[in-house]
Structures are given as structure tokens and as C-alpha cells.
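*Asks:* Mind having a look at this structure? Questions to follow.
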Amino acid sequence: MSYLTRQPLSLDALLKSVGGPERGGTCAFLGTVRDEKGPSGVTGIEYSAYDAMVESELDKIVAEARDRWPDARVAVRHRLGFIAAGEASIAIAAAAPHRAEAFDACRYVIEQVKKRLPVWKKELRRDGSAVWVDHQPVHTP
Amino acid sequence: MARHHGLGQLTMPAVRVLFFAHYAEALGRDETVVDVNLPATIRDVVRSVRALPGGQQLPESPLTALNAAHARLDARVNDGDEVALLPPLAGG
């Protein structure tokens with residue numbers, strides 16, 4: 001299954017995919033589009049990606065997590081396209097026999113995603129402007 | 001990927017180059033094909049891209065990928081490879 005979707009993320013589906021009676025600790029992470037007060041507040045973010053590389057990098061990251069925590073199961077989905085403030089852009093679930101591995105595996109995946117995943121965000125702001133995150137304004141009406 | 005030149009007698013090794021986010025906006029396209037004189041590195045490909053209209057807006061040393069995996073600028077490229085120039089990553 002692809003790690004990418006343009007539909008709203010379902011944490012329930014991820015939790016079901018990692019759960020099992022031998023795994024007593026489950027950790028879930030949701031990254032959501034953050035708004036800020038004021039005219040530069042964010043109404044939503046347009047996410048784009050190098051899709052093929054996202055798939056291969058996430059394959060590697062999940063395999064690395066499995067190597068580090070062999071008894072853990074992790075699942076991750078990243079949403080692309082326009083995502084309104086307050087909605088989730090990434091969901092990660094990690095389940096393991098004990099909570100420490102579940103927390104560690106979940107944390108590992110999100111930290112590697114931040115460092116390695118070829119995904120870009122264009123913030124759409126309340127004042128009508130659009131700004132690439134970590135870059136200069138691209139449009140001001 | 002090698003492209004024919006002239007009367008089809010000569011071919012030039014070439015790589016496909018992908019652009020994303022504000023790099024694609026700066027160049028007005030999301031991909032191109034760049035001829036390379038082998039041996040060549042990703043740095044040579046970046047140099048060719050920066051000579052295109054809008055290419056000066058790209059940094060001299062961007063993040064890059066080779067065939068969908070992170071790669072250093074000194075990585076060798078071969079005919080038919082896919083090079084991607086990656087703006088600062090913002091996933092999650």
C-alpha cells in the first residue's frame with residue numbers, strides 16, 4: 001500500500017494495522033496543520049512531494065525501525081494536496097510489547113521523516129498570500 | 001535517454017532532471033533533460049540547470065537525489081539517470 005494519500009488520514013486504520021495481542025503498548029502521532037493568530041494566520045497548507053522517493057524513503061525508514069525494534073510494528077501515512085488548518089498531514093502508529101519501544105519507534109519515524117522525506121509545503125495565509133515554508137513569499141495580492 | 005544529435009550519427013548521454021516546489025516555479029517547469037559529458041557528477045548537472053532561464057534562483061549546492069535516493073553533489077551520473085533537485089525538506 002502507498003504511504004501517500006490525498007484523502008483525510010485515518011488513525012484507526014493505522015492502529016488496526018499495527019495492533020496485536022502480543023503488543024501491549026501502542027503510540028500514535030498525528031502532525032496537524034497549525035494556525036497562528038493574526039493576518040499571517042494559516043488557513044491551510046498545500047503539500048507536494050517527489051512521490052516515488054517518498055515511497056522508497058519511507059520503505060527504508062520503516063525497515064530501519066524494524067531493525068532497531070524487531071518486536072515493534074510501525075505504520076505511517078502522509079497526506080498530500082490542500083490540508084486545512086487543524087487537519088492531519090501525517091499519521092504514525094507504532095505498537096510493541098512494551099511502551100518504551102512503541103514511543104521510541106514512533107519518535108524515530110517522525111524524526112527521520114522530518115530529515116529525509118521529499119515533501120514541500122506552501123502555506124496559504126489569511127491575508128491571501130501564499131508562502132513556501134522556509135522560503136520567500138511567492139504571491140501577495 | 002541518450003539523445004541523437006545531427007544526423008543521428010552521434011548520441012549524447014543525458015539525464016532527466018526533476019524540479020519541485022519553488023525550484024519548479026523558478027524554472028517554469030517540473031522537469032527537463034540535460035546532456036552530460038561523461039564522466040559527470042550531479043554538480044555538473046546542477047551547473048547546467050543553473051544556466052537555464054530562472055536557474056540562477058537555485059542555490060549552487062542544493063539538496064539532490066539520484067534515482068529517487070538522497071545523493072551527494074559529487075555522485076557520478078550515468079546516461080538515463082534521474083536527478084532531482086530538492087528544495088529544503090518540509091515533510092510531516
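The values are calculated or read from the model by the stated rules, or taken from the named source; none is laboratory data. Please read these numbers as outputs of a predicted model, since none were measured by experiment. As a convention, Cβ positions derive from the backbone with ideal geometry for all residues, glycine included, and neighbour counts pool all protein chains shown.
*Asks:* Between A:Leu124, A:Leu117, A:Leu58, which is at pLDDT below 95 and buried (at least 17 other Cβ atoms within 10 Å of the Cβ)?
*Replies:* Values: A:Leu117 fails: at pLDDT below 95; A:Leu58 fails: at pLDDT below 95.
Testing whether each residue is at pLDDT below 95 and buried (at least 17 other Cβ atoms within 10 Å of the Cβ) leaves just A:Leu124.
*Asks:* Quick check: anything in region B:10-20 hydrophobic (A, V, I, L, M, F, W, C), at pLDDT 95 or above, part of a strand (DSSP E or B) and out of contact with any Asp or Glu (no Cβ under 9 Å at 6 or more places or on another chain)?
*Replies:* No, every residue in region B:10-20 fails to be hydrophobic (A, V, I, L, M, F, W, C), at pLDDT 95 or above, part of a strand (DSSP E or B) and out of contact with any Asp or Glu (no Cβ under 9 Å at 6 or more places or on another chain).
*Asks:* Look at B:Pro62 and say whether it is within 14 Å of chain A (Cβ to nearest Cβ) and surrounded by 20 or more Cβ atoms within 10 Å (Cβ to Cβ). Full working, then the answer.
*Replies:* Details: within 14 Å of chain A (Cβ to nearest Cβ): yes; surrounded by 20 or more Cβ atoms within 10 Å (Cβ to Cβ): no.
For B:Pro62, the condition - within 14 Å of chain A (Cβ to nearest Cβ) and surrounded by 20 or more Cβ atoms within 10 Å (Cβ to Cβ) - is not met.
*Asks:* Can you find a residue in region A:11-23 that is touching a residue at least 40 places away in the same chain (Cβ under 8 Å) and within 11 Å of chain B (Cβ to nearest Cβ)?
*Replies:* Checked against the condition, which is being touching a residue at least 40 places away in the same chain (Cβ under 8 Å) and within 11 Å of chain B (Cβ to nearest Cβ), region A:11-23 yields no hits at all.
*Asks:* If you don't mind, another one. Based on what the data block shows, is B:Ala71 among the small types (Gly, Ala, Ser) and surrounded by 19 or more Cβ atoms within 10 Å (Cβ to Cβ)?
*Replies:* Details: among the small types (Gly, Ala, Ser): yes; surrounded by 19 or more Cβ atoms within 10 Å (Cβ to Cβ): yes.
The answer is yes for B:Ala71.
*Asks:* Something else: Any residue in region B:69-92 that is touching a residue at least 40 places away in the same chain (Cβ under 8 Å) and at the interface with chain A (Cβ under 10 Å from one of its Cβ atoms) sitting within a Cβ distance under 8 Å of a residue that is among the acidic types (Asp, Glu) and surrounded by fewer than 19 Cβ atoms within 10 Å (Cβ to Cβ)? List the pairs, counting only those 6 or more apart or interchain.
*Replies:* Going by the 8 Å Cβ cut-off, the qualifying pairs are B:Pro87/A:Asp134.
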